[in-house]
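Below is one structure, written out as structure tokens; the observations come after it.
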Amino acid sequence: MKVIAAHMGIEYEMSKIFKSLSKNPKNFGKNYFKLLEMLKEHNNLYADISALLTPVRAKVLRDLSQREEIHEKILFGTDFPVPFSVIFNSYDIPFKKRWQISKIKNPHDRYISAILEYFDKDSPIFTNYKKLLA
């Protein structure tokens with residue numbers, strides 16, 4: 001059986017919203033780091049990046065993009081039709097680039113443009129679905 005951990009296990013508490021928006025890895029939450037370890041240990045476990053463009057979850061994108069050893073276990077996904085803001089977000093993308101992305105009319109194209117700021121177009125995150133839907 002294949003298992004997919006949704007949203008990379010990122011948790012947050014509304015009472016700690018400023019801490020939840022922090023890009024400091026110590027504030028990413030225990031579940032995120034536990035999931036990273038579990039992805040290495042379990043062949044049947046995958047995780048998706050849907051909803052990672054929301055303000056509370058976007059903080060991990062740079063960290064996740066640099067952990068290439070688990071990219072074989074990450075699945076590209078969107079949270080469409082849930083809207084996301086490119087301008088007002090916790091990404092580390094420069095404002096000028098966020099502004100350019102925000103002008104893209106098609107929400108799918110806008111989503112992928114933001115994700116491509118973190119993952120190369122040839123990243124396995126875009127083809128790993130084939131492992132599950134063979």
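Of the residues that sit in segment 99-129 and are touching a Lys or Arg at 6+ places or on another chain (Cβ under 8 Å) and hydroxyl-bearing (Ser, Thr, Tyr), which one is surrounded by the most Cβ atoms within 10 Å (Cβ to Cβ)?
Tyr118
Which members of segment 73-99 meet the condition of being over 27 Å from Tyr46 (Cβ atoms) and at pLDDT 95 or above? I'd like the intermediate steps shown before the answer.
Taking segment 73-99 as the starting set, the residues that turn out to be over 27 Å from Tyr46 (Cβ atoms) are 85, 87-88, 94-99.
Correct list: empty.
Condition check: loosely packed, with under 12 Cβ neighbours inside 10 Å, more than 25 Å from Val3 (Cα to Cα) and either among the small types (Gly, Ala, Ser) or without any contact (Cβ under 8 Å) to a residue 24 or more places away in the chain (or both). Does Lys26 satisfy that?
yes
Residue check, Leu53 against (1) farther than 18 Å from Gly9 by Cα; (2) in contact (Cβ under 8 Å) with a residue 40 or more places away in the chain; (3) part of a loop (DSSP other than H, G, I, E, B), all met but one. Which one?
Exception for Leu53: condition (1).
Looking at the structure I just gave you, is Leu39 closer than 23 Å to Val3 by Cβ and either in a helix (DSSP H, G or I) or at pLDDT 95 or above (or both)?
Against the criterion (closer than 23 Å to Val3 by Cβ and either in a helix (DSSP H, G or I) or at pLDDT 95 or above (or both)), Leu39 qualifies.
Which numbered condition trips up His108, out of (1) outside any loop (DSSP other than H, G, I, E, B); (2) farther than 15 Å from His7 by Cα; (3) in contact (Cβ under 8 Å) with a residue 60 or more places away in the chain; (4) not basic (Lys, Arg)?
Going through the list (1) outside any loop (DSSP other than H, G, I, E, B); (2) farther than 15 Å from His7 by Cα; (3) in contact (Cβ under 8 Å) with a residue 60 or more places away in the chain; (4) not basic (Lys, Arg), His108 breaks only (3).
Residues that are within 20 Å of Lys121 (Cα to Cα) and crowded, with 18+ Cβ neighbours inside 10 Å: does segment 87-97 have at least one?
Among the residues of segment 87-97, at least one is within 20 Å of Lys121 (Cα to Cα) and crowded, with 18+ Cβ neighbours inside 10 Å, which makes the answer yes.
Look at Tyr32 and say whether it is at pLDDT 95 or above and touching a helix residue (DSSP H, G or I) at 6+ places or on another chain (Cβ under 9 Å).
Against the criterion (at pLDDT 95 or above and touching a helix residue (DSSP H, G or I) at 6+ places or on another chain (Cβ under 9 Å)), Tyr32 does not qualify.
Can you give me the number of residues within segment 50-75 that are over 18 Å from Phe28 (Cα atoms) and crowded, with 19+ Cβ neighbours inside 10 Å?
The total comes to 2.
The values are calculated or read from the model by the stated rules, or taken from the named source; none is laboratory data. Not measured: the values here are computed from a predicted model. Note that we place each Cβ from the backbone using ideal geometry, even for glycine, and neighbour counts take in every protein chain shown.
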